[in-house]
Structure formats: C-alpha cells, structure tokens
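Input: a single structure, listed below in structure tokens.
The values are calculated or read from the model by the stated rules, or taken from the named source; none is laboratory data. It should be emphasised that the depicted structure is a prediction, and the values quoted were computed from it without experimental measurement. Using ideal geometry, Cβ is built from the backbone for each residue, glycine included, and neighbour counts are taken over all protein chains shown. The protein model used for the area step is the full one, side chains on, heavy atoms only, and it has no ligands, DNA or RNA in it. Shrake-Rupley method; radii C 1.70, N 1.55, O 1.52, S 1.80 Å.
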Amino acid sequence: MTKDVFDCMRESHSVRNFLQQDIPEPTLTRILEAGCWAPSAGNLQPWYFYVIKNQEVKRKVAEACFEQNQIENSPVSIVILADPARSNEKYGERGAQLYCLQDTAVAAENMILAAYGLGISTCWIGAFDEIKIQQAVEAPPRLRAVAILCLGYSNEADKPAKERLRIGEVTKIIH
C-alpha cells in the first residue's frame with residue numbers, strides 16, 4: 001500500500017530513531033528506482049547510490065557526519081553521490097558545479113517521497129566531511145557526496161504537521 005504523493009510531501013518528516021527491523025529488499029529496490037526516475041539535465045543521471053547495511057561502514061559514515069548517530073541506528077543508509085564530470089561533458093563548468101548537484105538532490109527527494117509512501121521513514125543528512133565520506137564508502141575521488149539518507153521504520157511518536165510559509169509569502173506571479 002502506498003500513500004498519495006501530496007500526503008507524503010505534507011506528512012513526511014525527519015526521523016532519527018529507528019526500529020531495528022530490516023527493510024524488505026523489494027521495498028528498498030522501489031526506493032532506489034524512484035531515485036533513478038528523477039529528472040536530470042540532459043537526462044545525464046549523474047548520480048550513484050551507495051547503499052550501506054554494514055555496521056562498521058555506517059559507523060565511519062556517522063563519524064564523517066559529525067557523530068550523527070541516526071546513521072548507525074538506521075537499518076539502511078544511502079550515500080548519494082554526484083558525478084560532476086558527467087555533467088561537465090555536456091554543460092561545462094555550470095553542469096559540474098550546479099546541474100549535477102541539483103539533479104542528485106532531486107533523486108534524493110524522489111527517494112524520500114517513495115520511502116514515505118511505502119511506510120519507511122527517512123532523515124536527510126547534509127552536514128559531513130566529503131573526503132571522509134568518500135573514504136568510508138570507497139568511492140572514486142571524482143564522485144562528490146551530496147546527501148546521506150537514513151532509512152528505516154520510525155521508533156518515534158507522530159509529530160504535529162509542519163509549519164510552512166503560505167504560498168503568498170514565497171510566490172511572485174509575473175504576468
């Protein structure tokens with residue numbers, strides 16, 4: 001059973017405490033597929049997803065994320081990396097410096113929405129030492145870590161609805 005995408009956007013929130021319950025492989029595969037379905041500049045798909053289940057590797061990643069222990073606590077963490085060179089080939093420096101990061105962030109958001117729709121909670125982590133992340137997952141130096149997603153079944157009480165700015169506060173319509 002899955003949720004409506006609008007419900008996922010409205011209801012999803014970061015979870016830092018997870019049950020020690022494995023995510024079924026078909027569910028994890030669907031989440032990864034959602035990342036692959038993300039749009040990207042020139043359809044270059046400049047992303048790589050390093051799925052971490054190994055506790056020792058998760059410990060190294062948590063350390064590189066300034067001791068964010070939800071990484072070790074989650075059944076699965078995904079390091080999402082961009083390949084700037086792939087975007088550079090078609091779009092030059094702007095592709096390498098911006099497009100590949102935008103594209104990879106969209107893939108991460110697709111995964112978050114898919115996970116929530118499938119009953120899996122997530123936590124996006126953006127604070128980390130990129131070099132230490134590369135080393136922890138043994139990624140080639142050309143890849144750049146963009147985000148880390150912790151995935152699992154929530155072990156937290158439900159949170160109230162998110163406070164958000166109103167449309168009128170963030171929108172300018174130009175006729």
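Where is the GNM fluctuation largest for the chain (alpha-carbon springs, 10 angstrom cutoff): Leu165, Leu98, Leu151?
Leu165
Taking 0.36 nm per residue of separation and subtracting the Cα-Cα distance, what length does fully extending Lys132 through Leu19 add?
My answer for the length gained is 38.0 nm.
Give me log10 I(q)/I(0) at q = 0.08, 0.11, 0.12 Å⁻¹ for the chain, Debye formula, one equal scatterer per alpha-carbon, no solvent.
With no solvent term, the Cα-only Debye profile gives -0.26, -0.49, -0.58.
Using a simple charge model, +1 on the beta-carbon of Lys and Arg, -1 on the beta-carbon of Asp and Glu, nothing else, what dipole does the chain show about its Cα centre, in debye to the nearest 20?
My answer is approximately 320 debye.
Taking the full set of protein chains and a 1.4 angstrom probe, give the accessible area of Ile52 in square angstrom, rounded to the nearest 10.
Rounded to the nearest 10, the figure is 10 Å².
What part of the accessible area of the stretch 5-155, given as a whole %, is carbon or sulfur when the probe is 1.4 angstrom?
Solvent-exposed carbon and sulfur of the stretch 5-155 make up 50 percent of the total.
Just to confirm my understanding: which cysteines in the chain have no other cysteine beta carbon less than 4.7 Å from their beta carbon?
Lacking a cysteine Cβ partner under 4.7 Å: Cys8, Cys36, Cys65, Cys100.
Sum up the lysine pairs in the chain that clear both bars: alpha-carbon distance under 18 Å and a spacing of 8 or more or different chains.
Going through the chain pair by pair, I get 5.
Step through the residues of the stretch 40-57 one at a time and calculate ³J(HN,Hα) from phi using the Karplus curve (6.51 cos²θ - 1.76 cosθ + 1.60, θ = phi - 60°), rounding each to whole Hz and writing x for Gly and Pro.
Whole-Hz 3J(HN,Hα) from phi for the stretch 40-57: 8, 4, x, 6, 6, 6, x, 10, 9, 10, 9, 8, 10, 10, 6, 5, 5, 5.
Please identify every one of the trypsin sites (Lys or Arg not before Pro) in the stretch 108-175 that sits in a loop by DSSP and has no more than 16 other beta carbons within 10 Å of its own beta carbon.
Values: sites: Lys132, Arg142, Arg144, Lys162, Arg164, Arg166, Lys172; in loops: Arg142, Lys162, Arg164, Arg166, Lys172.
When the trypsin sites (Lys or Arg not before Pro) of the stretch 108-175 are filtered for loop state and at most 16 Cβ neighbours within 10 Å, Arg142, Lys162, Arg164, Arg166, Lys172 remain.
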